[in-house]
Amino acid sequence: MSGAPDQTVYIVDDDEALRDSLVWLLESNSYRVAQFDSAEVFLAAYRPEMAGCLVLDVRMPGMSGLELYERLRDRHATLPVVFITGHGDVPMAVSVLKKGAVDFIEKPFTDRDMLKLIDQCLATERENRERLRQDAAVARRLDQLTGREMEVLELIIAGRLNKQIADDLGISIKTVEVHRARVMEKMEAGSLAELVQAVMSCETARGRFSTL
């Protein structure tokens, strides 16, 4: 695998020889690569729309890889990170795994192991972006619902039947059916199961509904 056309492997390491070696390895396997010789330079170049993954050395002069990782977390960056570590850095690398890093690789590493980790990172990033795209689409559809339609939707998600929804809201069953049809149309759901799945999987929706 070499990642999607819009994905780039960003290498941040002060070791020029290691950077050159990684660039050669990745470009020879058809990956897009960008290299940076310090955490500060990468942070200055970072943009939220960057797609791909980050290969990051733990120890560097100035800002360390761990400090850069924390800065990126503060910015809600979504780039998956693989840390390059020396033997003494393994405990630190393990600690960042608990904070969301994808993995770490210990020097010296094989080309095969590095490529495997990068493939995992790129696959994770593609999945994350697709989930964010789907969440954004569901959130846009939710914004189209009226207040009453939102109430009906929440009760649908809670498993209430039309008669129960009518009783809960003090409206007729016919009115519930009208609202329900409009909810299905605006949410672009072909079935009740599709509607429930879309809303349940959307973080924005989970934040809006008390029943989720």
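The values are calculated or read from the model by the stated rules, or taken from the named source; none is laboratory data. Worth saying up front: this structure is predicted, and the values here are computed from it rather than measured. Using ideal geometry, Cβ is built from the backbone for each residue, glycine included, and neighbour counts are taken over all protein chains shown. The area values use the complete protein model at the heavy-atom level, side chains included, leaving out ligands, DNA and RNA. Shrake-Rupley method; radii C 1.70, N 1.55, O 1.52, S 1.80 Å.
Given the criteria open to solvent by 90 Å² or more (accessible area, probe 1.4 Å) and either in contact (Cβ under 8 Å) with a residue 40 or more places away in the chain or closer than 24 Å to ARG59 by Cα (or both), does GLN120 qualify? Write out each step before concluding.
Working: open to solvent by 90 Å² or more (accessible area, probe 1.4 Å): no; either in contact (Cβ under 8 Å) with a residue 40 or more places away in the chain or closer than 24 Å to ARG59 by Cα (or both): yes.
Against the criterion (open to solvent by 90 Å² or more (accessible area, probe 1.4 Å) and either in contact (Cβ under 8 Å) with a residue 40 or more places away in the chain or closer than 24 Å to ARG59 by Cα (or both)), GLN120 does not qualify.
I want to confirm something. Restricting to region 156-195 and keeping residues that are surrounded by 13 or more Cβ atoms within 10 Å (Cβ to Cβ) and among the basic types (Lys, Arg), which single residue is nearest to ARG140 (Cα to Cα)?
LYS186
Being in contact with a helix residue (DSSP H, G or I) (Cβ under 6 Å, 6 or more places away or on another chain) and not β-branched (Val, Ile, Thr), is that true of even one residue in region 28-36?
Applying the first criterion (in contact with a helix residue (DSSP H, G or I) (Cβ under 6 Å, 6 or more places away or on another chain)) to region 28-36 yields 33, 35-36.
Pick out the ones that are also not β-branched (Val, Ile, Thr) and you get 35-36.
Taking every residue of region 28-36 in turn, at least one turns out to be in contact with a helix residue (DSSP H, G or I) (Cβ under 6 Å, 6 or more places away or on another chain) and not β-branched (Val, Ile, Thr).
In this structure, is THR78 in contact (Cβ under 8 Å) with a residue 12 or more places away in the chain, open to solvent by 30 Å² or more (accessible area, probe 1.4 Å) and among the hydroxyl-bearing types (Ser, Thr, Tyr)? Spell out the reasoning first.
Numbers: in contact (Cβ under 8 Å) with a residue 12 or more places away in the chain: yes; open to solvent by 30 Å² or more (accessible area, probe 1.4 Å): yes; among the hydroxyl-bearing types (Ser, Thr, Tyr): yes.
It is true that THR78 is in contact (Cβ under 8 Å) with a residue 12 or more places away in the chain, open to solvent by 30 Å² or more (accessible area, probe 1.4 Å) and among the hydroxyl-bearing types (Ser, Thr, Tyr).
For residues that are in contact (Cβ under 8 Å) with a residue 60 or more places away in the chain and open to solvent by less than 20 Å² (accessible area, probe 1.4 Å), scanning just region 1-48, find the one that is nearest to the chain's Cα centre (by Cα).
Taking region 1-48 and keeping what is in contact (Cβ under 8 Å) with a residue 60 or more places away in the chain, we get 1, 3-4, 7, 9-10, 13, 18, 22, 25-26, 29, 31.
With open to solvent by less than 20 Å² (accessible area, probe 1.4 Å) added as a condition, the list becomes 7, 9, 13, 22, 25-26, 31.
Values: GLN7: 14, VAL9: 16, ASP13: 24, LEU22: 25, LEU25: 26, LEU26: 23, TYR31: 21 Å.
Among those that are in contact (Cβ under 8 Å) with a residue 60 or more places away in the chain and open to solvent by less than 20 Å² (accessible area, probe 1.4 Å), it is GLN7.
Which residues, taken from region 32-59, are within 16 Å of LEU122 (Cα to Cα) and in contact with a Gly (Cβ under 6 Å, 6 or more places away or on another chain)?
Correct list: LEU56 only.
Looking at (1) at pLDDT 95 or above; (2) not in a strand (DSSP E or B), which is the only condition GLU49 fails?
Result: GLU49 fails condition (1) only.
Looking only at region 91-116, which residues are within 21 Å of the chain's Cα centre (by Cα), outside any helix (DSSP H, G or I) and modelled with pLDDT of 80 or more?
ASP103, PHE104
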